[in-house]
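What follows is a set of notes on a single structure, which appears directly below.
Derivation of every value follows stated rules applied to the coordinates shown; laboratory data play no part. It should be emphasised that the depicted structure is a prediction, and the values quoted were computed from it without experimental measurement. Using ideal geometry, Cβ is built from the backbone for each residue, glycine included, and neighbour counts are taken over all protein chains shown.
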Ligand SMILES: *Cc1c(COP(=O)(O)O)cnc(C)c1O
């Protein structure tokens, strides 16, 4: 049936009255109480809420160790430092991610090298990783884009063959699993972000998971200035109870206790968040399956995905409007989409470093049609149906007959 309702952008009535965004946190009374409890306690930083969160993350992921930090970007930075990445090294990552996944290599004086994506899953293509390896390659930063885990066995095999450290940027994928193994114990190091659009939030916050005691020791040092009270790490006998040494150049990447308490409180809800996200994804998949004007992300059977983003990829050759017009038309229906992501190396800063457009053609082509549509656990069924209605309305109007 052809829906010929006039889009709001052309003067019609919007599908919904209140704007809905692509992501939103879900903070409940018990989360607030957890924060208030810390605020009334003696310690706002370096207190007991931090090891408590770290233990909770280890239980969730099966990893041996966790270092909680100020944000996901700091987590990536100390992961690269712990991996020993420095000037002259190369780090392979995907262009289809937030800038931090590549910036972490630049922070260490290394060069990010971009490997193209698989156009069906949008995750980094292991064959492309292998093509980009040189004698200078030190690590792979693989991103679980939208929450779907990357092809773990193939990337693990490549890293083992070439002696590379495998860092998984799991900012999107807390709660996901691969062949039944939870994210957090799949790679050498796994990083999380607790930004408010992510599945679990602390306002800001991040963590690195590892099961390697040596990496854990280095991650802990880099979190706090390279300072230690650990006798085994000092070059002489302690001078007394006050004594510490700075043995490396680290940073202040600490998280506060009240953020840690908020994240731990949110972790108790992860099963519920996960189920609700899955329900919404299933409904979208069903609603969009037969629409010829769009393509939706393929899921691989090994991955059990807590989806962070739902991406609709417009087939621009089947539409008489461009992505920008569709984006604007949906915004007028009060469905505010977003776009994840602009391929990193196309940014002016990266172009100044010598990166050229055309480096990863599949990522660039995918970007042209991408729209991230609302997906978060607090969405009601009515919200979900509104998003679908708005898409049908706009696609029906702009599709090529
Ligand atoms: C959000 C995000 C980050 C950075 O996390 P922050 O907590 O915002 O610093 C890194 N990588 C990816 C893929 C992200 O989505």
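Filtered by the rule that a residue be out of contact with any strand residue (DSSP E or B) (no Cβ under 7 Å at 6 or more places or on another chain) and more than 16 Å from the ligand (Cβ to nearest atom), the range 328-349 gives 328, 329, 330, 331, 332, 333, 346, 348, 349. Taken together, the criteria exclude residue 79 from residues that are within 19 Å of residue 145 (Cα to Cα), in contact (Cβ under 8 Å) with a residue 60 or more places away in the chain, surrounded by fewer than 24 Cβ atoms within 10 Å (Cβ to Cβ) and more than 10 Å from the ligand (Cβ to nearest atom). For the range 127-162, a tally of residues being under 25 Å from residue 342 (Cβ atoms) and under 19 Å from the mean Cα position of the chain (by Cα) returns 14. Residue count for the range 307-338 satisfying the condition of being part of a loop (DSSP other than H, G, I, E, B) and either under 25 Å from the mean Cα position of the chain (by Cα) or touching a residue at least 24 places away in the same chain (Cβ under 8 Å) (or both): 10. Checking each residue in the range 177-197 for being crowded, with 24+ Cβ neighbours inside 10 Å and closer than 17 Å to residue 56 by Cβ picks out 183, 184, 190, 191, 192, 193, 194. Within the range 22-49, being farther than 30 Å from residue 370 by Cβ, within 27 Å of the chain's Cα centre (by Cα) and buried (at least 18 other Cβ atoms within 10 Å of the Cβ) holds for 31, 34, 35, 49. Candidates 30, 42: the one that is more than 30 Å from residue 92 (Cα to Cα) and assigned to a helix (DSSP H, G or I) is 30. Being away from the ligand (no atom under 12 Å from the Cβ), in contact with a strand residue (DSSP E or B) (Cβ under 6 Å, 6 or more places away or on another chain) and assigned to a helix (DSSP H, G or I) is a description that applies to residue 105. When each of 12, 84, 47 is tested for being on the phi > 0 side of the Ramachandran plot, part of a loop (DSSP other than H, G, I, E, B) and away from the ligand (no atom under 16 Å from the Cβ), the lone residue that passes is 84. Look at the range 87-102 and say how many of its residues are surrounded by fewer than 24 Cβ atoms within 10 Å (Cβ to Cβ) and within 14 Å of the ligand (Cβ to nearest atom). Number satisfying all stated conditions: 3. Can you name the residue in the range 50-70 that is crowded, with 22+ Cβ neighbours inside 10 Å and within 16 Å of the ligand (Cβ to nearest atom) and, of all such residues, is farthest from the chain's Cα centre (by Cα)? By that ranking, first place goes to 53. The set of residues in the range 170-222 that are farther than 23 Å from residue 272 by Cα, assigned to a loop (DSSP other than H, G, I, E, B) and within 15 Å of the ligand (Cβ to nearest atom) contains only 187. Inspection of the range 226-242 finds no residue satisfying the criterion of being under 30 Å from residue 25 (Cα atoms), more than 13 Å from the ligand (Cβ to nearest atom), in a helix (DSSP H, G or I) and over 22 Å from the mean Cα position of the chain (by Cα).
Only one of 133, 165 is in contact (Cβ under 8 Å) with a residue 12 or more places away in the chain, buried (at least 20 other Cβ atoms within 10 Å of the Cβ), under 19 Å from residue 105 (Cα atoms) and more than 16 Å from the ligand (Cβ to nearest atom). Can you tell me which? From the options 133, 165, the qualifying one is 165. Filtered by the rule that a residue be surrounded by 17 or more Cβ atoms within 10 Å (Cβ to Cβ) and under 30 Å from residue 320 (Cα atoms), the range 369-382 gives 369, 370, 371, 372, 373, 374, 375. Of the residues making up the range 136-162, those that are part of a loop (DSSP other than H, G, I, E, B) and within 16 Å of the ligand (Cβ to nearest atom) are 144, 148, 149, 150.
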